[in-house]
Amino acid sequence: MLTTILRIITLLVLFGLAIWWGITIDIDYSTLANFSGIRWNWVNIAVLTVGLGSLARALRWKQLVQWHVKTYPFRDALGISSLAQTLNIVALLRSGDITKATLTVKHTPLSVVATGQILFIEKLCDALVLLALSIYFVPDLASQYTLNFITPVALLGAAFFLTVLIQHSSNSRAQIAGTLTFFRDRHSLFFSIIGLTFVFWISAWATHAALFAAQSLGLSNTAALLSLTLVFIGVVPNLTPANLAPAIGMSVFALSVYNVAPSLAIKHGLLVQLISLGVPLTISICYVSFSRIRFNSSSS
């Protein structure tokens, strides 16, 4: 019930921001529709960084599953993780996470509780690394922006962490107990998972930086981190198909700090979402086409 209320409130806020931006920002539609100035070599680099991030996510999921299961093919980890990422982008209400857990239960000996534990650990690691990356740049942010800007970003970050905890708390006692066991007994695995999580987030950061270069925006690494952080926070609730509205809105919000024209910021948001969808979608199609994965029956 509380999760539903949070989603409704977030949706209303997003609609309100969309209406406000639509009234106040000045969009140059000729610039928005002009892709002739795009430096496609940097777009190709962005595709590679998204691919690297997908590999890191898959290897992390493989290692988490093998915490409970002796062997788990990397092919399945990559396919299921990519399918989940695709569904989280194109469908509503984080359905990719549900699909990821369901397919893992169907095709491994893992129980529902154990799968919930490793999914909780995965999201917790993402939250911790995102927080660490953000804290690293606090001096730069504090020196460039006023408290009036930092405060709403901090509130958005707090809302993100609250959403993560609520979304994965249906079996909270079992998940917390499993997480504590993981931290206490599997130190080498824990550091490996954290390392792969850093690889994923740095790859995502590099994607934004590459797309800045593709449009010759001349923005700093700090700007790429800020753009990544706000876009990710915006798409977490997963309330609109393809997450285009929150991704574009957060891109406009983040890049407005650097006086980037709204049309260029919108184009950045579009490129981020198209590439973030295209890579896992391609992997998912290959996996579903060539694997023996089953969606409607249990493995024998």
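The values are calculated or read from the model by the stated rules, or taken from the named source; none is laboratory data. All of these numbers come straight from a predicted model, not from anything done at the bench. A quick note on method: Cβ atoms are made from the backbone with ideal geometry, for glycine too, and the neighbour counts reach across all protein chains shown.
Here are some notes:
- Residue, modelled with the lowest pLDDT, within the stretch 248-300, restricted to residues that are of a type in the set (G, A, S) and within 12 Å of Q215 (Cβ to Cβ): S251
Yes or no, residue by residue, for (1) of a type outside the set (A, V, I, L, M); (2) modelled with pLDDT under 80:
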{"position": "D28", "(1), (2)": "yes, yes"}
{"position": "V43", "(1), (2)": "no, no"}
{"position": "G53", "(1), (2)": "yes, no"}
{"position": "R57", "(1), (2)": "yes, no"}
{"position": "H68", "(1), (2)": "yes, no"}
{"position": "G79", "(1), (2)": "yes, no"}
{"position": "S95", "(1), (2)": "yes, yes"}
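- Residues considered: S188, S220. Of these, the only one that is of a type in the set (S, T, Y) and either modelled with pLDDT of 85 or more or within 24 Å of I121 (Cβ to Cβ) (or both) is S188.
- When L6, L17, L32 are checked against the criterion of being part of a helix (DSSP H, G or I), modelled with pLDDT under 90 and closer than 23 Å to F212 by Cα, L32 stands alone in meeting it.
- Some residue of the stretch 73-84 being among the aliphatic types (A, V, I, L, M), touching a helix residue (DSSP H, G or I) at 6+ places or on another chain (Cβ under 8 Å) and not in a helix (DSSP H, G or I): no
- Whichever residue in the stretch 98-133 is touching a Leu at 6+ places or on another chain (Cβ under 7 Å) and of a type in the set (S, T, N, Q) and, among such residues, is modelled with the lowest pLDDT: T99
- Neighbours by Cβ (under 6 Å, 6+ apart or cross-chain): first from the stretch 250-269, more than 16 Å from T222 (Cβ to Cβ) and touching a residue at least 12 places away in the same chain (Cβ under 8 Å); second surrounded by fewer than 24 Cβ atoms within 10 Å (Cβ to Cβ) and of a type in the set (D, E, K, R): S263/D28
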